[in-house]
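J.: First, the structure itself, so that you have it in front of you.
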Amino acid sequence: MPPRRPTQRDIAERAGVSTATVSYVLSGRRGGVKPPPPETRERVLRAVAETGYQLDHAGRSLRRQRTDVVALMYPAPSSPWSDRLAEELQVAAAERGFAVVALPVITSASGAAILRVLRQRYIDGAVLLPDCPLDGPELTALAAQGQALVVFDDDLEPDGFDVVRQHRSSACRAATERLIAAGHRRIAVLAHADDHGRPLADVKLRSHLDALAAHGIPADPGLIRPVADSRSDAYAAVRDLLRLPDPPTALLSATDRAAVDGIWAARDLGVDVPGGLAVIGIGNIPEGLMISPPLTTVGAAALDFSREVARLFERLDAPAALPGVELATPWELIVRASG
C-alpha cells in the first residue's frame, strides 16, 4: 500500500496554525485578506518541506473551477515586443500566485491546437497578440464560458472580452507614404512568411501595397522577400537586392531586427544609408536606437503593457463578468535618420 500523502491539515498541525492560514500561504493569493506574519509563513513553509507536501493542482482546480494559469498567445517567432509583454505578465501573475504559459502560433495547425487549450479551460485567461487565428464569434464564445481575454486587434468589436486598438494599418501605410514623398519608387519589402514560405499578406504588407496603388506605383513582386523573421536571411536578401541591375532605393521591413540587418548589409556593400538606401522598420525596439544611423520605425511609442496586463487580472478578480472595452495604444511613425 502506498504511503499516505500529507494534507494541509497535517501541515497546520505541524506548524501550529489553522488550515486557512496554510491554504493562504500555499496559494499566494491576496483577495483583501490580511497576510500572516513572516514568522508564521516561515513555519508553514518549513512544515511543507519537512512533510514533503505537494499541492494537488488537478484536484484544486476541479474544486475551485480555476487553474491559476494565464497565457500569452503570439505569432512565432517571439519579438522584443512580445518578450516585454511576457515579462510584465509574468511579474503580475507571480504577485497573484498565477503561472504563465506561452502559446506561440507557428503554423495554422499549432493555432488549432492552441484553440483546444482555450476551449478546454486549461487556463483562466489569456492575452492574444495581433494575427492570432481566432475570430470574433470564437472569442465571444470563450468569454461566455468564463475565459478572461484581452485581445490586440484593430477590427474586432469587444464582446465579453477587451480589445486593444493599435491602428497598425494607418501607421504602416504612413511609412510607405513617407518613402514615396521622398521620391522613392523602387521600395523593397522584407515581409513575414506564411506557412508555405511565401510573403504573408498581413496588415503590414497590405498597407504598403495599398499606398503604392494609391499613388499609381506598380508593385514589383521581385522586391518582396519573406525574410523578416530571420536575421541572416534578411541580411542576405538585402545584399542580393542591392546587387540587382536596378536596385531598390528604399527598404521597408516588417520587423526592426531585419531592418537593422538591412542597414548592415548596405554598409558592407558601401551603400550609404539613407543616401543610397532609405530604411524603415516596424516594431520600435531598443536596438533601433543603437544602429547608425538610428532606425526610422513604426510602432508604439513605449514598450509598456502595464494597462493591458492589469485589465486581464481585473477581469479575473471581478466577482461578475465585465463588459468588453476598447483600450487605445496607437502605433505611430517614429522618424529618425535612416529613412
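The values are calculated or read from the model by the stated rules, or taken from the named source; none is laboratory data. All figures in this text were calculated on a predicted structure; none of them were measured in a lab. For neighbour counting, all protein chains shown are included, and Cβ atoms are generated from backbone atoms with ideal geometry for every residue, glycine included. Keep in mind that these areas ignore ligands, DNA and RNA; they rest on the heavy atoms of the full protein, side chains included. Shrake-Rupley method; radii C 1.70, N 1.55, O 1.52, S 1.80 Å.
J.: Regarding the chain, what's the average projected area of the Cα-atom convex hull, expressed in nm²? Let's see the in-between values first.
T.: Details: hull surface 86.2 nm².
Over all viewing directions, the chain projects a mean Cα-hull area of 21.6 nm².
J.: Taking a quarter of the surface of the Cα convex hull of the stretch 168-299, what do you get in nm²?
T.: One quarter of the hull surface, i.e. the mean projection, equals 7.2 nm².
J.: Quick check for you: with a 1.4 Å probe and neighbouring chains kept, what is the accessible area per residue of the chain, in Å²?
T.: Dividing the accessible area of the chain by its residue count gives 48 Å².
J.: Right, next: Which whole number of Å³ per residue matches the convex hull of the alpha-carbon atoms in the stretch 137-177?
T.: It comes to 55 Å³ per residue, whole-number rounded.
J.: Counting every Cα pair in the stretch 274-320, what percent are over 14 Å apart?
T.: Numbers: 676 of 1081 pairs.
Percent of Cα pairs beyond 14 Å in the stretch 274-320: 63.
J.: Sticking with this structure for a sec: Where the accessible area of the chain is counted over protein heavy atoms with a 1.4 Å probe, how much of it, in %, is carbon and sulfur?
T.: Working: 8940 of 16380 Å².
Its accessible area is 55 percent carbon and sulfur atoms.
J.: Charges only on Cβ, +1 for Lys and Arg, -1 for Asp and Glu: so what's the dipole of the stretch 168-299 about the Cα centre, in debye to the nearest 20?
T.: Computed about the Cα centre, the dipole is about 200 debye.
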